Amino acid sequence: MKACIAALAVCAFGIVNAAPAFTVISLPPTVGSLPPTFIASLNNQGTVVGASLSPTGGTKAYSFASSVATNLGSLPGGIFSGAVKINDAGKAVGYSQSSLNPQVAVLFDAGTVISLGTLGGTQSRAASINQSGIIVGWADTLSSGPRAFAFSGGVMTSLGTLGGFSSQATDINAAGGIVGTSSLANGLNRAFVYVAGSMIDLGTLGGPSSSALAINNFGTVVGRSTDAVGRPRSFTLQAGAMRDLGDLGGDETYVSDINDLGWTIGVSRNGTGSFRPFLETAGFMVDINDLIDPLSGWTILEANGINESGTIAGYGCNTMGDCRGLLLSPVPEPNSLLLLAAGALSVFFTLRKRKVKLVGTNSEA
């Protein structure tokens, strides 16, 4: 099986220049605003969310769907707002902040902006929403540090900590598995998964600290960790085993998202010291710029979100110096991306045969 996957990956990378895996779609500005400066994520319908600069100052939450860019608004008096996650029902979450009031977690739903409140303090921020509408993020408390929360049925619930002062939740999957970061009693930060009412320390890659960024619907967790020599690395955790994702020739990687095929994206330092966006699957990592047409004129700088069809939301600049949010859409033909998919699916079906129980789910893979 490993030999088969390796052969697929080698073939995939070998034909990158002959058949680009992605087309680059430039995201337009909303009326009266500038092009989007940050694209955070997208859903399975291809709707992207993020933030764009306002000519009068501040940022406004942004979405793009069906060739239409939309300003999602903010709470009354809001100067800064941004959307960071959207589910398949079109409900997005993020934050809103005014010049007088601190940042607060919000839900963007059908043209309305709804405050989620806090845990008794002054600030909060929503990080993710699952298909059932459960929202996670962090919120200030009245007498202690910020806490990871889950918001459902109009109620915000603290998830606690791993014994330290603070915690924050960053993602939630369909089964309700929540991941994030919590401080320990000694002040170090650790990645956690929260399932069945318990927060579990996921450990590290040998260093003192870690953080969890995303979890897919099969319970695979991705995040960042220091390794034994102190380098910031990215990991994937499956069936209790944490694996270093590797790099593009440098010593630092920062993963941002994972889909249900197990494709992970983020940025990695390469051999020349520059950070480049990566796509990793089945143990093989490639610079996303090697998967687009070099004549497109675009250089991809960030890869922030990926959906189940392999579409990537990110950010980049073209040869004219125009920098903005971008969508990378898979080319619908047999090419390097589809070969990568075959490798990822091979891993998935191997796990099914072995009936490996995955973190964050209530069933076997």
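Sorted ascending by nearby beta carbons within 10 Å, beginning with the fewest, Phe108, Phe149 become Phe108, Phe149.
From the helices alone, meaning DSSP H stretches of at least four residues, give me the mean residue ellipticity at 222 nm for the chain, per-run term -39500 (n - 2.57), in deg cm²/dmol to the nearest 500. Helices in the chain give a 222 nm mean residue ellipticity of -3000 deg cm²/dmol. Each of Asn44 and Ala196 was given a label point 7 Å from its Cα along the Cα-to-Cβ line. The distance between the two points is 2.6 nm. A viscosity of 1.002 mPa s and a temperature of 20 °C, combined with the Kirkwood radius over Cα pairs in Stokes-Einstein, give a translational diffusion coefficient for the range 267-307 of 194 µm²/s. Charge tally for Arg269 (other residues, Cβ to Cβ under 12 Å; Lys, Arg +1; Asp, Glu -1): -1.
Using C-alpha pairs below 8 Å separated by at least 6 residues, the relative contact order for the range 94-152 is 26 percent.
Averaging the sequence gap over all C-alpha pairs within less than 8 Å and six or more residues apart, then dividing by the number of residues, gives the chain a relative contact order of 15 percent. If you take the charge dipole of the chain about its Cα centre, with +1 on Lys and Arg Cβ and -1 on Asp and Glu Cβ, which of Thr141, Val68, Pro102 is farthest toward its positive end? With unit charges placed on the Cβ atoms, the residue in question is Thr141. Full extension of the chain between Thr23 and Ala110 gives 28.3 nm of extra length, using 0.36 nm per residue less the Cα-Cα distance.
With the highest mean first, a sort of the peptides 88-97, 314-323, 183-192 on other beta-carbon atoms found within 10 angstrom per residue produces 88-97, 183-192, 314-323. Relative contact order of the range 220-319: 19 percent, from C-alpha pairs under 8 Å at least 6 residues apart in sequence. Ranked by the mean number of other Cβ atoms within 10 Å per residue, highest first, peptides 36-44, 109-117, 218-226 order as 218-226, 36-44, 109-117.
Net charge near Asp140, counting Lys/Arg +1 and Asp/Glu -1 over other residues with Cβ under 15 Å of its Cβ? It works out to a net charge of +2.
When only the Cβ of Lys, Arg, Asp and Glu is charged (+1, +1, -1, -1), the dipole of the chain relative to its Cα centre reaches about 620 debye.
For Arg276, the residues whose amide H sits under 5 Å from its own are Ser268, Arg269, Asn270, ignoring neighbours fewer than 5 places away on the same chain, with H placed 1.01 Å from N. Listing Leu72, Leu295, Leu34 from fewest to most neighbouring C-beta atoms within 10 Å gives Leu295, Leu34, Leu72. Just add up the charged neighbours of Asp88: K/R +1, D/E -1, any other residue whose Cβ is under 14 Å from the Cβ of Asp88. Local net charge: -1. Taking the fewest neighbouring Cβ atoms within 10 Å as the starting point, the ordered list for Asp171, Asp201 is Asp201, Asp171. Taking a ≥ b ≥ c as the square roots of the Cα gyration tensor eigenvalues, with a/c under 1.5 meaning rounded and otherwise prolate when a/b beats b/c, else oblate, which class fits the range 188-300? Note, shape of the range 188-300 comes out oblate.
Please work out the Cα center distance from the range 68-104 to the range 185-230, rounded to the nearest Å. Going from one Cα centre to the other spans 28 Å. Pairs of Cα atoms in the range 106-235 fall into 10 Å distance bins, from 0 up to the last occupied one, in shares of 14, 44, 31, 10, 1 percent.
Is the shape of the range 206-248 best called rounded, prolate or oblate, per the rule: a/c under 1.5 gives rounded, else a/b larger than b/c gives prolate, else oblate, with a ≥ b ≥ c the square roots of the Cα gyration tensor eigenvalues? Judged from the Cα gyration tensor, the range 206-248 comes out prolate (a/c at least 1.5, a/b above b/c).
Once you order the gyration tensor axes a ≥ b ≥ c over the Cα atoms, which shape class does the chain get: rounded for a/c under 1.5, otherwise prolate or oblate by comparing a/b with b/c? Cα axes put the chain in the oblate bin. Here the simple spin-label model places points 7 Å from the Cα toward Cβ, and for Ser152 and Leu184 these points are separated by 3.0 nm.
Each reported figure results from applying straightforward, stated rules to the coordinates on display, with no laboratory input. Since the structure is predicted, the reported quantities are computational estimates derived from the model, not experimental observations. In this analysis, Cβ positions are derived from the backbone assuming ideal geometry, glycine residues included, and neighbour counts consider all displayed protein chains.
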